[in-house]
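The values are calculated or read from the model by the stated rules, or taken from the named source; none is laboratory data. Quick caveat, the model's predicted, so the values are computed rather than measured. Cβ atoms come from the backbone with ideal geometry, glycine included; neighbour counts cover every protein chain shown. Just so you know, the surface numbers come from the protein's heavy atoms only, side chains and all, with ligands and any DNA or RNA stripped out. Shrake-Rupley method; radii C 1.70, N 1.55, O 1.52, S 1.80 Å.
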Amino acid sequence: MSNLSNPEGARVYLETYGCQMNIADSQTVAVVLRRAGYARAESPEDADVILLNTCAIREHAEERVLGRLSDLARLKQRRPALKLGLLGCMAQHNRAALIDKAPWVDVVAGPDSYRRLPELLGREGFDPAVDVRLDRAETYADIPPEHDSAVRAYVTVMRGCDKFCAFCVVPYVRGRERSIPPNDILREVRELAADGVREVVLLGQTVNAYRCAEVDFGGLLRLIAQIDGIERIRFTSPHPSDMSDSLIEAMASEPKVQPYLHLPVQSGSDRMLAAMDRGYTVEQYLRLVERLRAAIPELALSTDIIVGFHGEEESDFDATLALMRAVRYDHAFTFKYSVREHTRAFKLGDSVSEDEKSRRLSAVIALQEQISLARNRATIGREFPVLVEGAARRGEGKLAGKTPQFKTAVFGAQEDARPGAMVRVRVESATAHSLIGTLAAT
Ligand code: 5AD
Ligand code: SF4
């Protein structure tokens, strides 16, 4: 992207950390800056402005960004005119400490301040330009983001979170829940379909809490399913407490809505779930899984699990392993608890040692590997429709794409199997992370 109408020709390099929401936000930032006359730089060395869009969910994420900021400080020493900006959740979370640790940063902007970035970047002065106002109304609905994948695109449908789980910083850094009007979403998805996008992933911190007047999340899925050209619809991340009948109905009856659900459980212990303020018990969660599997027989499930939350005893941890064995997830994202300032759990402390957290983490990973492998092996001999994405990461000349269940399928390339094509793949072998197969006759 170059923009010759920019009299100064300033080039921006944008680096993104963290979740899909941040990737989508960076696409919005790219549009805001392009409209203001900035051009895109291909590398940090090439840039007049470097922006880091950051994540605050765990301490480790923040440490990575601080490390990167020290590297960039050296670049700035050589080129004092270079502007450095920090965007996103970390900017919102701990701006004072951040400016203390990295005083060479020129701009600090939270997730609701991207519209004002050109103005913040234009400010001159010794102190950083800071804008971390949270805005209950900001949805960027009028700024269609720049999408870079031709096959799959991410579409933000709601922002913020009202759940306030005790461990989580998101409600503090991303502010209150707000949904984008269906008409804006439908317009964006229609444009994507016209551009050749075949799959949309609807994004929101608690995406199934979506509601705009009469349209709930199930209703939104039904509306999007009517758009020609879009063949697959996915969404992430739903909260178990918002899995309404309307949503389950829409998943069961709309063929375009894919049979895959990321359903974060966090813990298999009722005591921990209560301490975490998750709003459900193990039994309620298991009943929900049963209802989902009854309604959507081909459903694949993944989850998020935190080990070592404050107060987690061996028996609580065993309960998490038991829940994993009961549900048999296809995949799990597993994390060591990380104490976050501002959250409700911050005051409680951190009772599980780092070594013990590591041990528990290794145990959940090992168990999940076994389960994933068994579940993937169970697909050997079956055929799945696969939306071709491009070259496989490993494997000479092979292509990769996802099955409806969001499993990666790897298969031999053929003339007609171009990115965006829907092919049928017959599974011949499997690892814990992918299915390996051949193209089947269509
Ligand atoms: N420590 C560890 N993991 C966390 N998550 C959220 N907050 C924390 C924290 N403080 C995890 C949860 C959530 C996922 C996005 O990140 O599992 O679902
Ligand atoms: Fe964080 Fe809980 Fe909101 Fe998810 S639902 S973003 S874990 S507060």
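DSSP bridge analysis restricted to the range 355-442 gives an antiparallel fraction near 85%, rounded to the nearest 5.
Segment GLU396..ALA295, full-extension length gain: 32.4 nm, with 0.36 nm per residue of separation and the alpha-carbon distance subtracted. Taken about its Cα centre, the chain carries a charge dipole of about 380 debye when Lys and Arg each add +1 at the Cβ and Asp and Glu each add -1 at the Cβ. If you bin all the Cα-Cα distances of the range 111-164 at 10 Å, starting from zero, the percentages per bin are 18, 37, 31, 13, 1.
Each semi-axis of the equivalent ellipsoid for the chain is √(5λ) with λ an eigenvalue of the Cα gyration tensor; in descending order they amount to 35, 29, 22 Å. Which whole-angstrom value gives the distance between the alpha carbon centres of the range 302-345 and the range 76-90? Taking the Cα centre of each part, the range 302-345 and the range 76-90 sit 36 Å apart. Neighbours of GLY218 by Cβ distance under 15 Å: Lys/Arg scored +1, Asp/Glu scored -1, total -1. When +1 charges are put on Lys and Arg Cβ atoms and -1 charges on Asp and Glu Cβ atoms, the dipole computed for the range 145-238 relative to its Cα centre reaches about 340 debye.
Near PRO111, once Lys and Arg are set to +1 and Asp and Glu to -1 for all other residues with Cβ below 14 Å from its Cβ, the sum equals +3.
Computed over the range 234-319, the convex hull of the alpha-carbon atoms projects to a mean area of 5.5 nm².
Here the range 374-442 and the range 7-51 have alpha carbon centers that stand 34 Å from each other.
Once the C-beta distance of ARG287 and HIS60 is scaled by a Förster radius of 35 Å, the resulting FRET efficiency is 0.55 to the nearest 0.05. Based on C-alpha pairs under 8 angstrom that are at least 6 apart in sequence, the chain has a relative contact order of 10 percent. Summary value for the range 318-382: 49 percent relative contact order, contacts being C-alpha pairs under 8 angstrom separated by 6+ residues. For the range 306-397, the share of alpha carbon pairs falling in successive 5 Å distance bins from zero is 2, 11, 17, 15, 15, 11, 9, 8, 7, 3, 0 percent. Beta bridges per DSSP, both residues in the chain: antiparallel share near 35 percent. With helices as the sole contributors, the chain gives -10000 deg cm²/dmol at 222 nm; each DSSP H run of n ≥ 4 counts as -39500 (n - 2.57), and the sum is divided by every residue.
Placing dummy labels 7 Å off each Cα toward the beta-carbon, the span from GLU119 to LEU75 is 2.7 nm. Working from Cα pairs under 8 Å separated by at least six residues, relative contact order for the range 86-219 is 23 percent. Placing a label point 7 Å from the Cα of PHE333 along the Cα-to-Cβ direction, the residues of the range 40-68 whose backbone N falls under 18 Å of that point are 53-65.
Take the Kirkwood radius over Cα pairs of the range 135-253, plug it into Stokes-Einstein at 25 °C and 0.890 mPa s, and you get 168 µm²/s for translational diffusion. Taking the chain as the region of interest, the number of lysine pairs whose Cα atoms are within less than 20 Å, with members eight or more places apart or on different chains, is 9. For the chain, the share of accessible area belonging to carbon and sulfur comes to 50 percent (1.4 Å probe, ligands and nucleic acids excluded). Please give the per residue accessible area of the chain, computed with a probe of 1.4 Å over protein heavy atoms only, in Å². Dividing the accessible area of the chain by its residue count gives 44 Å².
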